[in-house]
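Heads up: the structure comes next, in structure tokens.
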Amino acid sequence: MSRVRRLGVVLLLLALVSACTVVEPGRASPAGSGTGSAGGAPTQITYDERSATFAPDFVKARSTDVCALLDVEAAEKATGAKRASMRLSTGLATCTLEVDKSRPAAGWDFSLSVGQRLTEGWEQASLAGTKVMRNPDISSKCEYLVPFAAGNVGLRAEISYSQAANTGAQPSDAQVCETGEQYLADVVLPKWKNPPQLAAGLTTPRIPLLGKDPCAALLAAVADIPDDPGEPRTVRLSDPYSCEGESGTAISKYAVEFEIYSAILDLDGEPVQIGDFTTYRTGGIAAGGCAYQVAVLPDLLFSKEEKTIYNGGFTVGVGTCDETDIVQKAIDNLVRQPDAPEPKPGAQLIGDLTGT
């Protein structure tokens, strides 16, 4: 049994034993036993001053199925192209639908994510009755942000078009954006008003980490590290699936980040066994620190032509490579948090969509 597959089985088995879930923004509460989170982390999550403004939105976003905001058939109809792939990336909070043409050789990408984006100089617009921010620079791709109340945080949309050189006339940048805006207005924004939930099981295969709280895992991991005198224990949430200790505090060197790993480009560090798990030691998230990567099932194949296997997973950043106990506590907490619900019959495939 491969290391990745063995890890997936262990995660599944242990997740059946106990669970920890977020029941309201900023608060973790264990299910069943009534004890604290794994590792003794406090149930209260205190975010740094900036993160606190949008943390409740990010907590809610973790229950959203980002890929289910896209519609494959509608993208084909809007572009005249054929489905190619649907990809998860960038901390599990980004989903990209690719549709391709053969004559001329060209492709469209419709990418959605929940996160931050500086919007200085962007224009205000209205699509399907929804207020959006629009990037006036359309030289490479069309960018939009549907902001939360906090400002430069929300649902990001990027639409881009590429065509092989010397293959004939192609749409202008403005025409590409017009197509993208129509797709957003017809498909994405109506869904965003009542976002599809992971619990509905609308996409498959399902990465069990979806919906889990990296800040709960981080605080469980560093529960035994003493606070600096006079410094409150706060964490910074940079996207729904990335949490790190606030700068200037005793836990500033520690982080938990969810990722999509490539079997070729990632997981190439030194294998280190931590408890039941094979991790991969790599450069630290913080300067001078160390990090351990863990991959989970299922295997994702986004392109049958490319043939590269991808896996969801997480990175635990620590101050020194000797702090494997911190990594173990983070893993224990993530295992205890409930896995994402199973997909329903007929769920939209995430991966290669060519059918060949």
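The values are calculated or read from the model by the stated rules, or taken from the named source; none is laboratory data. From a predicted model like this one, the values you see are computed outputs, not experimental measurements. Using ideal geometry, Cβ is built from the backbone for each residue, glycine included, and neighbour counts are taken over all protein chains shown. Ligands, DNA and RNA are excluded from the accessible area calculation, which covers all protein heavy atoms including side chains. Shrake-Rupley method; radii C 1.70, N 1.55, O 1.52, S 1.80 Å.
Numbers for the structure displayed
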{"read-out": "Test: residue 348 is open to solvent by 50 Å² or more (accessible area, probe 1.4 Å), over 11 Å from residue 274 (Cα atoms) and touching a residue at least 40 places away in the same chain (Cβ under 8 Å)", "value": "yes"}
{"read-out": "Pairs, first on the phi > 0 side of the Ramachandran plot and surrounded by 23 or more Cβ atoms within 10 Å (Cβ to Cβ) in the range 196-216, second basic (Lys, Arg) and not in a strand (DSSP E or B), C-beta under 8 Å, six or more apart", "value": "211/62"}
{"read-out": "Residue check for residue 226: free of Cβ contacts under 8 Å to residues at least 40 places away in the same chain and farther than 25 Å from residue 51 by Cβ", "value": "no"}
{"read-out": "Residue that is surrounded by the most Cβ atoms within 10 Å (Cβ to Cβ), among those in the range 146-165 that are among the hydroxyl-bearing types (Ser, Thr, Tyr) and over 21 Å from the mean Cα position of the chain (by Cα)", "value": "161"}
{"read-out": "Residue match in the range 218-226 (condition: open to solvent by 40 Å² or more (accessible area, probe 1.4 Å) and more than 21 Å from residue 150 (Cβ to Cβ))", "value": "yes"}
{"read-out": "Residue match in the range 234-244 (condition: part of a loop (DSSP other than H, G, I, E, B), open to solvent by 40 Å² or more (accessible area, probe 1.4 Å), over 15 Å from residue 331 (Cβ atoms) and in contact with a strand residue (DSSP E or B) (Cβ under 8 Å, 6 or more places away or on another chain))", "value": "no"}
{"read-out": "Counted residues, the range 248-296 - those being touching a residue at least 60 places away in the same chain (Cβ under 8 Å) and either surrounded by fewer than 20 Cβ atoms within 10 Å (Cβ to Cβ) or outside any loop (DSSP other than H, G, I, E, B) (or both)", "value": "12"}
{"read-out": "Residue list for the range 64-102, filter: free of Cβ contacts under 8 Å to residues at least 40 places away in the same chain and aliphatic (A, V, I, L, M)", "value": "81, 97, 99"}
{"read-out": "Candidate set: the range 302-318, residues that are of a type in the set (Gly, Ala, Ser) and surrounded by 20 or more Cβ atoms within 10 Å (Cβ to Cβ); chosen: the one nearest to residue 255 (Cα to Cα)", "value": "317"}
{"read-out": "Subset of the range 319-345 [surrounded by fewer than 24 Cβ atoms within 10 Å (Cβ to Cβ) and within 17 Å of the chain's Cα centre (by Cα)]", "value": "338, 339, 340, 341"}
{"read-out": "Per-region count, the range 64-92, residues open to solvent by 40 Å² or more (accessible area, probe 1.4 Å) and touching a Leu at 6+ places or on another chain (Cβ under 6 Å)", "value": "1"}
{"read-out": "Close pairs (7 angstrom Cβ cut-off, 6 or more residues apart or separate chains): within 12 Å of residue 107 (Cα to Cα) in the range 159-178, among the basic types (Lys, Arg) and in a loop (DSSP other than H, G, I, E, B) anywhere", "value": "159/141; 160/141"}
